[in-house]
2 protein chains.
Amino acid sequence: MYSVEVIVLNKEGIRDPEGEAIKKYMVDKVTDKVKEVRAGKYVLFKIDAGSEEEAMNIAKKVADEKRLYNPIVHKVEIRVRKDEDGGH
Amino acid sequence: MYSVEVIVLNKEGIRDPEGEAIKKYMVDKVTDKVKEVRAGKYVLFKIDAGSEEEAMNIAKKVADEKRLYNPIVHKVEIRVRKDEDGGH
């Protein structure tokens, strides 16, 4: 079994009002060390696949076909790791 | 400069209606290899800190004090990495 993380963020250059709000109203009241905040979506898939590549490809297929993100405005990052128990 | 990722998910045992909806209405129409989907919040901080520990502690402080998550229902994962350019 593989854990595949899909992280969706607004592209650089596209405003991120949620991140800006978190920075202005939450972060900046606590510290001045945080220079930027970006907020996004996190989706974790548990995938029964034979290899990291297969797991990655399944997640990509779902994300692309079902429009988990909008390629015009979002960048997407996909990370795979094998689950330690390795079980089913 | 450090990138600190804060990932907030519902705890195991607490239902995740968004993840369930993504699974049922998006994922399961494409593949039967995905056994579970969990949806969560992703927040990326760019922090001007002297060390990984300091960056981690700043992010933790913000997350705890400003209730970026609700400890009753959420688990939070914080990951730090040094930015490659190392610049300010």
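Odds and ends about this structure:
- GNM result for chain A, Cα springs below 10 Å: residue of A:69, A:25, A:42 fluctuating most strongly: A:25
- A straight line joining the Cα centroids of the stretch B:1-62 and the stretch A:1-78 runs 8 Å.
- Distance from the axis that maps chain A onto chain B is least for the Cβ of the chain A residue given, with the whole Å value, as A:42, 2.
- Contact order relative to length of chain B, as percent, for alpha carbon pairs under 8 angstrom and 6 or more apart: 52 percent
- Label-point spacing for residue B:72 across the identical copies (point 7 Å from Cα in the Cβ direction), in nm and ascending order: 4.0.
- Top of A:50, A:40, A:13 by mean-square fluctuation, Gaussian network on chain A, Cα under 10 Å: A:13
- Taking the longest Cα principal axis of chain A as reference, the axis of helix A:52-65 is set at about 60 degrees.
- Candidate lysines - alpha carbon under 21 Å from residue A:66, same-chain residues fewer than 8 apart omitted: A:11, A:41, A:46, A:75, B:23, B:24, B:29, B:33, B:35, B:41
- Within the accessible area of chain A (1.4 Å probe), percent carbon and sulfur: 49 percent
- Contact surface A-B: accessible area buried, both sides summed, square angstrom, 1.4 angstrom probe: 3100 Å²
- In terms of Cα atoms, the Rg and Dmax of the protein assembly as shown work out to 16.8, 48 Å.
- Overall Cα dimensions of chain B - principal axes, largest extent first, Å: 46, 31, 14
- Rolling a 1.4 Å probe across the protein heavy atoms gives the protein assembly as shown an accessible surface of 56 Å² per residue.
The values are calculated or read from the model by the stated rules, or taken from the named source; none is laboratory data. As the structure is a prediction and not an experimental result, all values here were calculated from the model. Cβ sites come from the backbone with ideal geometry, for glycine too, and all protein chains shown count toward neighbours. Areas reflect the complete protein model, heavy atoms only, side chains present, ligands, DNA and RNA absent. Shrake-Rupley method; radii C 1.70, N 1.55, O 1.52, S 1.80 Å.
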